[in-house]
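The values are calculated or read from the model by the stated rules, or taken from the named source; none is laboratory data. Bear in mind that the values here come from a model prediction, so they are computed numbers and not experimental data. Ideal geometry is used to build each Cβ from the backbone, glycine not excepted, and the neighbour counts take in all protein chains shown. The area values use the complete protein model at the heavy-atom level, side chains included, leaving out ligands, DNA and RNA. Shrake-Rupley method; radii C 1.70, N 1.55, O 1.52, S 1.80 Å.
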Amino acid sequence: MTLLAVGVSHRTAPLALRERLALTERRAADLLASLTERDGVEEAALLSTCNRTEVYLAASDAPEAEAAATAGLARAGGMRSEELGTAVRTLRGADAARHLFRVASALDSMVVGEAEIQGQVRRAYELGLSLGTSGPIVNRLFQDALRAGKRVRSETRISRHGASVASVALELARSELGDLRGRRALVIGAGKQGTLTARALQDAGVRTVFVASRARERAEDLARRFGGTAIGFDDLAGELGRCDLVLTGTSCPHPVLTRGELASAAGGRRLVVLDTAVPRDVEPSARDLAGVTLYDLDDIQRRIARNVSAREQEAVRAEPIIADEVESFERWLATLEVVPTISALRERGRAAVERALRVNEPRWESLTDDDRDRVERIARAVVSDLLHEPTLRLRRASQQGSSSLYVETLRELFGLS
């Protein structure tokens with residue numbers, strides 16, 4: 001049985017190609033079903049995100065499985081296999097395991113250390129389980145990958161440095177205000193950035209999020225999802241005076257907040273303003289107001305660059321963890337290779353006991369039933385004792401990656417098929 005990883009990622013394929021291969025759960029299920037129906041493919045699971053679509057296979061015929069996976073991906077993307085070209089990468093054995101372990105640990109992500117990939121790997125694992133397309137090898141692969149990801153996050157600081165606008169905005173807010181729990185925040189703008197910001201604020205325990213947007217329905221929906229209250233732009237000035245933190249990111253062509261409005265709102269108290277808009281939502285001259293701390297997108301991008309550098313340093317510390325987990329998985333995988341030989345050896349011993357008992361049955365007419373049971377137990381114990389050491393040594397050899405000679409020798413000596 002060979003372990004394979006076949007697919008494309010942001011490292012091998014342009015966005016246009018990745019978009020065509022981004023599969024819904026239904027399309028992923030169809031692809032997995034078609035793959036496991038093929039001869040040579042025993043198990044399959046599929047990971048599809050915006051940055052990668054990869055099939056993980058346990059195959060009895062590796063070339064056939066690779067060809068089937070490539071053709072299946074092309075079909076799912078509505079193209080010919082030739083169109084995938086060099087974008088498709090195939091990894092085998094330990095390399096395939098190492099790749100998934102690094103993926104689950106966010107070491108292979110476009111943004112190193114990002115948090116979303118762990119949940120995406122888990123959903124891929126659960127889909128294979130629910131469909132019955134995965135099996136003992138692929139299941140163990142994903143379980144160990146998730147464990148590797150958890151270890152990397154807990155044993156390094158790779159996820160403790162924000163690398164998104166929303167996460168860095170909160171870092172900056174904490175640096176000025178300390179603990180954000182119970183703070184009052186005003187989010188201006190209900191677009192994608194407003195959604196990400198509102199979610200981050202909720203996770204940080206911010207008490208109330210007021211959302212101001214010209215699209216009132218979107219603002220109300222966002223406020224409802226994150227426990228806030230929607231207000232209109234006419235009420236903006238009044239709410240500014242009640243907030244500790246303002247996060248703004250609209251698409252307005254002119255400033256949404258003026259220096260005068262912020263000066264009036266601050267009134268000598270502490271007010272942190274994070275402006276993620278381009279063009280800027282806040283008049284730049286507000287930066288020198290007493291009590292007001294203003295960060296714009298350039299400030300945030302500089303912090304992101306610094307944090308990404310820190311994450312990359314932590315990624316170096318994560319590699320020994322990955323190596324340790326891959327070695328553990330390889331040891332487990334190696335034990336599977338000796339299982340058929342161990343089973344055949346024990347079956348040979350059981351058959352020898354049965355044959356001896358059957359041949360000697362006519363000579364035991366005077367034995368009681370208890371005596372017969374006692375003789376049978378002794379015979380089985382002797383065979384078990386004789387086979388114990390060879391079995392133990394075979395398992396140890398498999399864990400050390402040197403079982404081939406033991407397997408061949410045992411099969412030859414005992415005539416195992």
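So which pairs qualify, if the first residue must be in segment 159-175 and acidic (Asp, Glu), the second must be open to solvent by 20 Å² or more (accessible area, probe 1.4 Å), the Cβ gap must be under 8 Å, and the two must be at least 6 apart or on different chains?
Close Cβ pairs satisfying both conditions: GLU171/ARG303.
Condition check: in contact (Cβ under 8 Å) with a residue 12 or more places away in the chain and either touching a Phe, Trp or Tyr at 6+ places or on another chain (Cβ under 8 Å) or closer than 16 Å to LEU100 by Cβ (or both). Does ALA62 satisfy that?
Working: in contact (Cβ under 8 Å) with a residue 12 or more places away in the chain: yes; either touching a Phe, Trp or Tyr at 6+ places or on another chain (Cβ under 8 Å) or closer than 16 Å to LEU100 by Cβ (or both): no.
In short, no.
All but one of (1) of a type outside the set (Lys, Arg); (2) within 26 Å of SER164 (Cα to Cα); (3) open to solvent by 50 Å² or more (accessible area, probe 1.4 Å); (4) under 41 Å from the mean Cα position of the chain (by Cα) hold for GLU217; which doesn't?
(2) is the only condition that GLU217 fails.
Tell me which of these HIS388 doesn't satisfy, since it passes every other one: (1) open to solvent by 50 Å² or more (accessible area, probe 1.4 Å); (2) touching a Lys or Arg at 6+ places or on another chain (Cβ under 9 Å); (3) over 28 Å from ARG102 (Cα atoms); (4) at pLDDT 80 or above.
Tallying (1) open to solvent by 50 Å² or more (accessible area, probe 1.4 Å); (2) touching a Lys or Arg at 6+ places or on another chain (Cβ under 9 Å); (3) over 28 Å from ARG102 (Cα atoms); (4) at pLDDT 80 or above, HIS388 fails exactly one: (2).
Would you be able to say whether some residue in segment 104-119 is in contact (Cβ under 8 Å) with a residue 24 or more places away in the chain, in a helix (DSSP H, G or I) and over 11 Å from the mean Cα position of the chain (by Cα)?
The answer is no, given that none of the residues of segment 104-119 is in contact (Cβ under 8 Å) with a residue 24 or more places away in the chain, in a helix (DSSP H, G or I) and over 11 Å from the mean Cα position of the chain (by Cα).
Select from segment 267-281 the residues that are more than 34 Å from the chain's Cα centre (by Cα), touching a residue at least 40 places away in the same chain (Cβ under 8 Å) and open to solvent by less than 50 Å² (accessible area, probe 1.4 Å) and list them in ascending order.
VAL272, ASP281
Results for (1) over 20 Å from GLU37 (Cβ atoms); (2) among the basic types (Lys, Arg), shown as yes or no for each residue.
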{"site": "ALA71", "(1), (2)": "no, no"}
{"site": "ALA76", "(1), (2)": "no, no"}
{"site": "ALA94", "(1), (2)": "yes, no"}
{"site": "ASP108", "(1), (2)": "yes, no"}
{"site": "VAL112", "(1), (2)": "yes, no"}
{"site": "GLU116", "(1), (2)": "yes, no"}
{"site": "ARG123", "(1), (2)": "yes, yes"}
{"site": "SER130", "(1), (2)": "no, no"}
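For segment 292-339, how many residues meet the condition of being at pLDDT below 90, hydroxyl-bearing (Ser, Thr, Tyr) and open to solvent by less than 40 Å² (accessible area, probe 1.4 Å)?
Adding up the residues that qualify gives 1.
Could you list, in sequence order, all residues of segment 361-386 that are part of a helix (DSSP H, G or I) and polar (S, T, N, Q)?
SER384
Is it the case that some residue within segment 128-139 is outside any helix (DSSP H, G or I), crowded, with 19+ Cβ neighbours inside 10 Å and either in contact with a helix residue (DSSP H, G or I) (Cβ under 9 Å, 6 or more places away or on another chain) or not polar (S, T, N, Q) (or both)?
Yes: one or more hits.
Tell me, please, whether a residue that is open to solvent by less than 50 Å² (accessible area, probe 1.4 Å), over 30 Å from TYR295 (Cα atoms) and touching a Phe, Trp or Tyr at 6+ places or on another chain (Cβ under 7 Å) can be found in segment 147-160.
yes
If we keep just the residues of segment 170-185 that are at pLDDT below 90 and surrounded by 12 or more Cβ atoms within 10 Å (Cβ to Cβ), which is nearest to ASP244 (Cα to Cα)?
LEU170
For a quick check of your reading: which helices (runs of 4 or more DSSP H) sit entirely within segment 6-101 and have at least 1 residues that are surrounded by fewer than 20 Cβ atoms within 10 Å (Cβ to Cβ) and under 19 Å from the mean Cα position of the chain (by Cα)?
Per the criteria, 25-36.
For (1) within 28 Å of the chain's Cα centre (by Cα); (2) without any contact (Cβ under 8 Å) to a residue 24 or more places away in the chain, each residue gets a yes or a no:
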residue: VAL308; (1), (2): yes, no
residue: LEU357; (1), (2): no, yes
residue: PRO362; (1), (2): no, yes
residue: LEU367; (1), (2): no, yes
residue: ASP370; (1), (2): no, yes
residue: ARG377; (1), (2): no, yes
residue: VAL383; (1), (2): no, no
residue: SER404; (1), (2): no, yes
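Looking for something touching a helix residue (DSSP H, G or I) at 6+ places or on another chain (Cβ under 7 Å), in contact (Cβ under 8 Å) with a residue 60 or more places away in the chain and assigned to a strand (DSSP E or B) - is there at least one such residue anywhere in segment 282-295?
Looking through segment 282-295, at least one residue is touching a helix residue (DSSP H, G or I) at 6+ places or on another chain (Cβ under 7 Å), in contact (Cβ under 8 Å) with a residue 60 or more places away in the chain and assigned to a strand (DSSP E or B).
For segment 102-119, how many residues are over 19 Å from ILE304 (Cβ atoms) and crowded, with 21+ Cβ neighbours inside 10 Å?
Matching residues across segment 102-119 total 4.
Run LEU357 past the list (1) open to solvent by less than 10 Å² (accessible area, probe 1.4 Å); (2) farther than 30 Å from THR2 by Cβ; (3) hydrophobic (A, V, I, L, M, F, W, C) and report the number of the one that doesn't hold.
LEU357 satisfies all of (1) open to solvent by less than 10 Å² (accessible area, probe 1.4 Å); (2) farther than 30 Å from THR2 by Cβ; (3) hydrophobic (A, V, I, L, M, F, W, C) except (1).
Please list, ordered by first then second residue, the pairs with beta carbon atoms under 9 Å, 6 or more apart or interchain, first in segment 228-248 and under 21 Å from GLU217 (Cα atoms) and modelled with pLDDT of 85 or more, second open to solvent by less than 20 Å² (accessible area, probe 1.4 Å) and among the charged types (D, E, K, R).
Short answer, once both residue conditions are applied: VAL246/ASP275; LEU247/ASP275; THR248/ASP275; THR248/ASP281.
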